Amino acid sequence: MKICRYDNNRIGVVKNKQLYDASSALDTLPELRWPVPLGDHFVANLEKLIPELEQAAAKSEPVDIDSVRLLSPVANPSKIIAAPVNYEKHLAEAQTDRDLHQDTQIKPIAKAGLFLKANSSLVGPGEGVAVRFINTRVDHEVELAVIIGKRTDRISRDKAIDSVAAYAIGLDMSVRGTEDRSFRKSADGYTVLGPWLVTADEIPEPGNLDLQIKINDELRQQSNTRYLIYDIPRLIEFASSFYTLYPGDIILTGTPEGVGPVKDGDIMLAEIAQIGSMRIAVRQD
Ligand code: MN
């Protein structure tokens, strides 16, 4: 199932470029009291919600998906985890392009580990990316995003895929510079998730998905998740060896080669096979 969040926190089921409002299913979510459990309440209850979403959508008239404002399909992750250098060809460009990395010691993922992005950086495609810095290079990084479905602590790679609730397209927008990654990649709007969640049952082979991004119709990045250095089970094993993962946690799996700058007025068009595509406007803030 493809599930989006849009406009004023409505929930929709997406079929063939049409959206079916299923917001009434939210009435079946259990009520929360402070302190709320870590993680995203919607994703934590996703399995129970699926039949409710189906019923609600069946009663709705189709709406053109392009007529709504798409928000991040995950509202409240407990954390956004990201893989720094997880494609060989991106490692090569990062090690040789000094505009890209002033740090001459770019390390592959096994030595670099993972990093965290601020939850407040998360937006949906309809919100766009507001570039904060005028004289600083800000790059697009298109990545497959993995959405965790259940509490997961120190899981082995052979069981790791059972922790996945869904997939989405992620953009890990990045200021280039010498600062730590969590600083450069956590400004408001610098994590884009969308256009919707695709439940894991629809993507049996996440390790073989074409992904790409165009900027103003110019193809910048094009690869396939089969070139990941740490594949998805390994990333979940690795991440959960350090942090307990909660429902709604997002793992950005890393970007392939071809990263490049964006500026005010640019239109980014990101696409991943079996998920869909999303259009994101860049503006100066
Ligand atoms: Mn990245």
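I'd like the FRET efficiency for TRP34 and THR244, computed as 1/(1 + (r/R0)^6) with the beta carbon distance as r and R0 of 22 Å, rounded to 0.05.
Computed FRET efficiency for TRP34 and THR244: 0.60.
Gain in length, ASP188 to ASP285, computed as 0.36 nm per residue apart minus the alpha-carbon separation, to one decimal in nm?
Length gained, ASP188 through ASP285: 33.9 nm.
Most fluctuating residue of PRO73, PRO247, PRO35 in a GNM of the chain with Cα springs under 10 Å: which is it?
Checking each option, the largest mean-square fluctuation is seen for PRO35.
Taking the Cβ of ASN9 as the center, what net charge do the other residues with Cβ under 15 Å away carry, scoring Lys and Arg +1 and Asp and Glu -1?
So the environment of ASN9 carries a net charge of -2.
Taking 0.36 nm per intervening residue step and subtracting the Cα-Cα distance, what contour gain separates ASN119 from GLN222 on full extension?
Length gained, ASN119 through GLN222: 34.4 nm.
I need to check one value: relative contact order of segment 54-183, counting alpha carbon pairs closer than 8 Å and at least 6 residues apart, in percent.
So the answer I get is 26 percent.
Just subtract the alpha-carbon distance of GLU47 and SER60 from 0.36 nm times their residue separation and send over the number in nm, one decimal.
2.6 nm
I want to check the label-to-label distance for LYS159 and ALA112. Put each point 7 Å from Cα in the C-beta direction and report it in nm to one decimal.
Rounded to a tenth, the inter-label distance reads 3.0 nm.
Once you've got the Cα coordinates, tell me which of LYS111/LYS263; LYS2/LYS79; LYS150/LYS214; LYS2/LYS89 are over 28 Å apart.
Beyond 28 Å between Cα atoms: LYS111/LYS263; LYS150/LYS214; LYS2/LYS89.
Among the GluC sites (Glu not before Pro) within segment 184-254, which fall in a DSSP loop and have no more than 16 other Cβ atoms within 10 Å of their own Cβ?
Hits after loop and neighbour filter: nothing returned.
Along the Cα→Cβ direction, 7 angstrom out, place labels at THR178 and GLU205. What is the inter-label distance in nm?
For the pair THR178/GLU205, the computed spacing is 4.6 nm.
Provide the FRET efficiency to the nearest 0.05 for the THR136-GLN18 pair, computing r from the beta carbons and using R0 = 41 Å.
0.55
Read-outs throughout are calculated quantities, based only on the coordinates presented, and are distinct from any laboratory measurement. Note that this is a predicted model, so its numbers are computed, not measured. Counting neighbours? That spans all protein chains shown, and the Cβs are built from the backbone with ideal geometry, glycine included.
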